[in-house]
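Asks: Take a look at the following structure, please.
Every number here is computed from the coordinates shown, using simple stated rules; none is lab data. The structure presented is a predicted model; accordingly, all values stated were derived computationally and were not measured. Cβ: placed from backbone, ideal geometry, glycine included. Neighbour counts: every protein chain shown.
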Amino acid sequence: MHDHSDNEYIERYKRHILVKNIGGEGQKKLGKAKILLVGLGGIGSTVLQHLAATGIGKIGLVDQDTVALSNLQRQTIYTYGDIGRKKVSVASKFINNLNKNVDVTEYDLFLKAKNSSEIIEEYDVVLDGTDNIEARELINRHCLMQQKPLIFGGVSGWEGLVSLLIYDNSACFKCIFTSSEERPNFLDCSSEGVLGVTTSLVGTLMVAETIKLICGTGQLLTNKLLICDALSGATEVLNIKKNNKCNACRYANS
Ligand SMILES: [Zn+2]
């Protein structure tokens, strides 16, 4: 736990405390926040670096994979020597080397219908850095049932997407992506090409969204879909709506 009068605390976070709309109060809120990160791939690597550096109080890490050579092109926390090691253990060590005050919980598993509820229940916000549609729909369903804010990130090639779902009665994942024909590349990037820096771009934007949500500041990406294209350098924010016919929303409310 942080001692908020501690000199080391002030020294570590002073550049945050000086930021307008964060300040000492915001930094305290970040220190108490509990964030669940599902998926420790390209997006997850960037997300966890910034969550740890930001001083988030508790971080849960979900992934059952081991580090592979083909991951190193974009999954920036892993080194050549980590190949074959469990991602959750490497990631957890990375976080605590950077910031020993973060309480890390490792979930060396795939989220399933059976285990999702009790894991998600422990956290304030869920960040989805997975690479397949089944996992995304499962996370969405459980976040809907518990009304947990869900920060979505997806990458395909040079392009990335970010949105804040299920907050303040905003659209859910299924409200936006009603069928798998819509932007399938973004939802299932396991077989698609992915530019390494785009995963970092999306991961960073997801953490920015997390910080705004926790500090209660700025304009949130609720009912909005941010699209960034590294190839053209353009960023666009589309307005989206909660879909009254969305099955996922209906099921969760029934
Ligand atoms: Zn919905």
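Asks: Any chance you could count how many residues in region 1-29 are surrounded by fewer than 17 Cβ atoms within 10 Å (Cβ to Cβ), part of a helix (DSSP H, G or I) and among the polar types (S, T, N, Q)?
Replies: Residues meeting the conditions: 1.
Asks: For region 68-77, indicate whether the set of residues that are exposed (fewer than 15 other Cβ atoms within 10 Å of the Cβ), of a type in the set (A, V, I, L, M, F, W, C) and more than 14 Å from the chain's Cα centre (by Cα) is non-empty.
Replies: yes
Asks: Report the residue count in region 30-62 for those that are surrounded by 18 or more Cβ atoms within 10 Å (Cβ to Cβ) and farther than 27 Å from Thr79 by Cα.
Replies: 3
Asks: While we're on this one: Is it the case, given these coordinates, that Val88 is crowded, with 17+ Cβ neighbours inside 10 Å and assigned to a strand (DSSP E or B)?
Replies: So Val88 does not fit the description; no.
Asks: Turning to a different aspect of this structure: Name the residue that is farthest from Thr199 (Cα to Cα), counting only residues in region 110-155 that are assigned to a helix (DSSP H, G or I) and among the acidic types (Asp, Glu).
Replies: Selected residue: Glu118.
Asks: Given the condition farther than 29 Å from Gln27 by Cβ and either assigned to a strand (DSSP E or B) or within 16 Å of the ligand (Cβ to nearest atom) (or both), answer yes or no: does some residue in region 198-211 qualify?
Replies: no
Asks: Looking at this structure, is Leu225 over 13 Å from the mean Cα position of the chain (by Cα), more than 16 Å from the ligand (Cβ to nearest atom), closer than 16 Å to Ala171 by Cα and not in a helix (DSSP H, G or I)?
Replies: No: the conditions fail for Leu225.
Asks: Here are some residues: Gly154, Gly81. Which one is in contact (Cβ under 8 Å) with a residue 40 or more places away in the chain and away from the ligand (no atom under 16 Å from the Cβ)?
Replies: One residue alone meets the criteria, Gly154.
Asks: Restricting to region 158-171, name every residue that is crowded, with 24+ Cβ neighbours inside 10 Å and not aliphatic (A, V, I, L, M).
Replies: Correct list: Gly160, Ser163.
Asks: If I go through region 158-178 residue by residue, how many of them are away from the ligand (no atom under 14 Å from the Cβ) and touching an Asp or Glu at 6+ places or on another chain (Cβ under 7 Å)?
Replies: 3
Asks: Can you spot a residue in region 77-100 that is under 24 Å from Leu165 (Cα atoms) and of a type in the set (Val, Ile, Thr)?
Replies: no
Asks: Can you tell me which residue is farthest from the ligand (Cβ to nearest atom) among those in region 235-254 that are of a type in the set (A, V, I, L, M) and under 15 Å from Lys224 (Cβ atoms)?
Replies: Within region 235-254, the match that is farthest from the ligand (Cβ to nearest atom) is Val237.
Asks: Hey, another quick one. Do any residues in region 84-111 that are closer than 20 Å to Leu72 by Cα and touching a residue at least 24 places away in the same chain (Cβ under 8 Å) have Cβ atoms under 9 Å from those of residues that are in a strand (DSSP E or B) and among the hydroxyl-bearing types (Ser, Thr, Tyr), where the two are at least six apart or on different chains, and which pairs are they?
Replies: What qualifies is Lys87/Thr66; Val88/Tyr107; Ser92/Thr105.
Asks: Select from region 195-222 the residues that are under 13 Å from the mean Cα position of the chain (by Cα) and of a type in the set (S, T, N, Q) and list them in ascending order.
Replies: Within region 195-222, Thr199, Ser200, Thr204, Thr210 meet the criteria.
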